[in-house]
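A short worksheet on the structure shown next.
Values in this text are rule-based calculations from the coordinates and carry no lab data. No experiment lies behind these values; they were computed from the predicted model shown. Note that each Cβ is placed from the backbone with ideal geometry, even for glycine, and that neighbours are counted across all protein chains shown.
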Amino acid sequence: MMQLAANTAKRIWTFVSLYALYLCCSSTKAQQGFVSVDCGTAKGYTDTNGLVWISDNALDTIAGNATAVTPLEYAGVPAQFTTIRYFPGNQTKYCYVFSNKDHGVEQGSPYLVRASFWVGAALPYNTQVKNQVKFKLLIDADEWDDVSIMLPQTGREEFKEIYVIAVKQTIDVCLAGKGIGLDVPFISSLVLRPLLKDMTSAKLMFEQARGRPLTYMQRINYGAPSSETYISYQADGGGDPYDRVWKPDSREPILSTTSLVGTNVTDHPPLRVLQTAYERDDAFNLTFSLPSSRFYHFALYYAELSTNVTMPGQRVFKLQVFNASSSLFGEVTLDLFKLNNNSRFNVYMTYTKFPLYVGIQGFLNLIFTKDGNSTYGPIVCGLELLQFFDHDMSLGTDDDEVHTLRNITSVFPSLGSWSGDPCLPYAYNWLSCTSDLQPYISNISLDRYDLGGQIPAEFEKFKALVRLSLAENKFTGSIPDLRTLQYLQVLDLHGNYLTGPIPEFLAELPSLNTLILDNNNFSGEIPVKLLSKASSSGLKFSIAGNPNICDANNSQEFCKATASQEEEKNNGALVGGLAAVGAIAALAAIGALIFCVVRHKKKTVVDTNGSSQQARIQDNRESVFPHTKLFGSSSQAQEFLYSNVKAMTRNFERMIGKGGFGPVYHGVLQNGKVVAVKLLAKDSRQGEQEFINEVQLLSRVHHKNLVSLVGYCTESQLVLVYEYMANGSLFDALKGKGPDLTAWRYRLHIAVDAAEGLDYLHRGCNPSIIHRDVKSSNILLDEEFVGRISDFGISKAKQHNTTTMTGDSQMFTVVQGSVGYLDPEYAKTNIANHSIDVYAFGVVLLELITGKPPMIQHMTGTGEYQHIILWAKPYIDRGDISSLIDPIVSRDFNISSMWKVIDIAMMCVEHDRKRRPNMSEIKLELQSALSIELQSNGFDTSSTDPQTNFMDATDVCAR
């Protein structure tokens, strides 16, 4: 007995020693990379938890005002909440920047960011609504959340927390106010905490959610004593190693222990959270009201804390997760003692393996029920609930342009407080940007910004950006060429104190059409290149009010104009415009000459073996496009001879289909590759422009869910040669003419494939592409049943020089698309944007669900048709899913998955375009629906042996 007691004591001592070492090591490791910023304080300090706080003065040039908070405080207010910084200026945003150099931010790594706001009794400024302050919080180039605080602030601090994967080597946290309904923003503290990539939340962001951030909704310590306060980081152990904030929940009955509990699962919950639990004899619910039609992640933590539980089966309970009133997301049965290797005081967790979709009802219900043979009821120690961003993180302004802009702001002290993304989500006051997904800077208006000094001296970095070595025809210097501002059209620097000569590099800006330098102190001669550009290209150039250049002897037009006299500037523009007209006429004459020469030249074509040969186009073999080289040398599509086309199709022996372009024939290349060969029919509604469009687009876009173009032919007939899709179109398959689609998961796979293809067109291409003819017959299936988007004949690339509408839209003279798939708003306005593809894809989803075509003929045989949306809606409203679903679909599907896709389809076909999701959101939602269908449960479970892991932790610390 004595030996047994000694062995037991030894094991306990080993356990405690290893645990203490684990706490020490994990504490040290956790603080590595911690950045804690006290906003408004004069100097840094170390708090009672051992966290080192720095003043926000150490981050960057801060444009706000610092002040101490007014006396009203909650008990034991931490030091970081005794001061604030507020921003009463007129900037669109004020940004704190965590960088790689100063704070160790690594692109592609996950971080926790928390911004806290505590003001006490009153703010030192007036707000638009009495006793309330409202402003916006931004993360990088996106809106993060709205901040709304009632005054006086009598409770704890307001905080916003986010898990984010760094998209570059910096993380920007910005505040924005001064807009409609918004007030001067303020902030108390800001923290950055590195996370482990194998945390369940981080893995979900990486693997399932395209890197979308997760925002804090709830983090609860169940069973907390009534005296318990919020739990966060503690240097002496027991707190959260990542400094996550846990709110106490003291509902009874409570189960607690003072024993050590193993915490070393993937997410490392705090010891103090695991030492208490909420327990019921039979059952309990945890219900959360949430923003609807969003994706969430939860993790639940348990530990068997009762000494009465000594064997498996004594505490067994079921967890059911409902993400709608009757929609079961998943369920699992838990025996904590058994799952933890027949032991107590070990952590166990359940968590979502993929994003949890909460539909339009907007609530999440977790039901815990005791198993019938169990002695004790269910328990829970802690919960973390996070919401995914409802969109992908913005790409941000073009990197080269951001770098150039940083050089500009570094030169002029008055611009030093500008940081964060220049264009998104709100552009700097003195900038305008293009509407691209990754914007470019189009307008810089730094008029009356107190910019001073001699440009050649103080502006040397800016000048160096475009220093051109004419002898070698290349740029020199380590800083990128200012001509990276390729869309910059307007540069306005009037009303400053700039001195010295006008820099010659201004003439090198490729898109510049307006240059206003009035009322400065420039001297010397105007650069020849600038004069040449003003006279030959229509550059609106104004330099009035610079006495050392525009004196009484200088009568040039740009010296007569002023920044406030638009009529005189327009006269100067007219001179430049006339010069431009002359230049265009000359170019037209040269072009006509080239046309005549090119028309009679031999052209190079590629045969089916890929070899080049010369062939003079004659008589009936004359090219449809005899005068132009259709596509650049970078095109990966082959140009076939018409004789090659006849050979590969055996003189058009086997027709395999017919579409809007014309008949489609089976073909085989000399290398044995099977292809589909499309011929433009003489009566086709499509023509030469669609042909050119399709080849140009498919020659530059490549994705596993887009049909690949092999080549084309322009002799005698227009011919397109594609890779062969063995299983035909989705339309035919739904009509029973193709592969078996009785299993719902097969249909859902195809939907995900098509969504990925369209998402690539919308977001992955630059410029992005609107397909404009999405339909089930344009979704083809290869031999592996992978869905591919096809038929790009009427697609449009959204380029600036063809856009006639501002923002994300284009206007076309002729509405194009297919009956049943055409967005009613597009048909009415002729304005096309990505939402027309979303609408059509919603119709395709309804086809997949119902098996019916987009236009359904009435059973009466009257020849009248009803749209599939109108047909389906009454069944959806009644919840009559059995009448809605295609009768041939096997009934072993997961009903949550089906309803989720129905929700997605109906969101896609919303009448209001602004309420439709984008393809990125649709793709994510469909992937989640597919995961639900393929998995028996929507969440997973995990546990570990604490002693083994403490030993592993020791080894890591030792290394």
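Length available on full extension from D281 to R448: 0.36 nm per residue minus the Cα-Cα distance, which gives 52.9 nm. Distance between the pseudo-spin-label points of S227 and K704 (7 Å out from Cα toward the beta carbon): 5.8 nm. Qualifying chymotrypsin sites (Phe, Trp or Tyr not before Pro) in region 58-125, where qualification requires a DSSP coil assignment and no more than 16 other C-beta atoms within 10 Å, comprise Y74, Y125.
Rounded to the nearest 20, the size of the Cβ-charge dipole of region 32-195 about its Cα centre is 240 debye, with Lys and Arg at +1 and Asp and Glu at -1.
The shape of region 707-751 comes out prolate: with a ≥ b ≥ c from the C-alpha gyration tensor, a/c is at least 1.5 and a/b beats b/c.
Qualifying trypsin sites (Lys or Arg not before Pro) in region 70-132, where qualification requires a DSSP coil assignment and no more than 16 other C-beta atoms within 10 Å, comprise K130. Ordered by the count of other Cβ atoms within 10 Å of each Cβ, fewest first, K540, K168, K737 give K737, K168, K540.
Arranged by the count of other C-beta atoms within 10 angstrom, fewest first, what order do T375, T266 take?
Numbers: T375 13, T266 16.
Ordered by Cβ neighbours within 10 Å, fewest first: T375, T266.
Here the simple spin-label model places points 7 Å from the Cα toward Cβ, and for D399 and M311 these points are separated by 6.3 nm.
Is region 32-195 best put as rounded, prolate or oblate by its Cα gyration tensor, with a ≥ b ≥ c the root eigenvalues, rounded for a/c under 1.5, and otherwise prolate when a/b is larger than b/c, oblate when not? In terms of gyration-tensor shape, oblate. Electrostatic tally near L741: other residues with Cβ closer than 9 Å to its Cβ, Lys and Arg +1, Asp and Glu -1, net -1.
Where a ≥ b ≥ c are the square roots of the eigenvalues of the C-alpha gyration tensor, would you call region 216-393 rounded, which needs a/c under 1.5, or, failing that, prolate if a/b is larger than b/c, or oblate?
oblate
With a cut-off of 12 Å between beta carbons, the residues surrounding F337 carry a summed charge of +1, where Lys and Arg count +1 and Asp and Glu -1.
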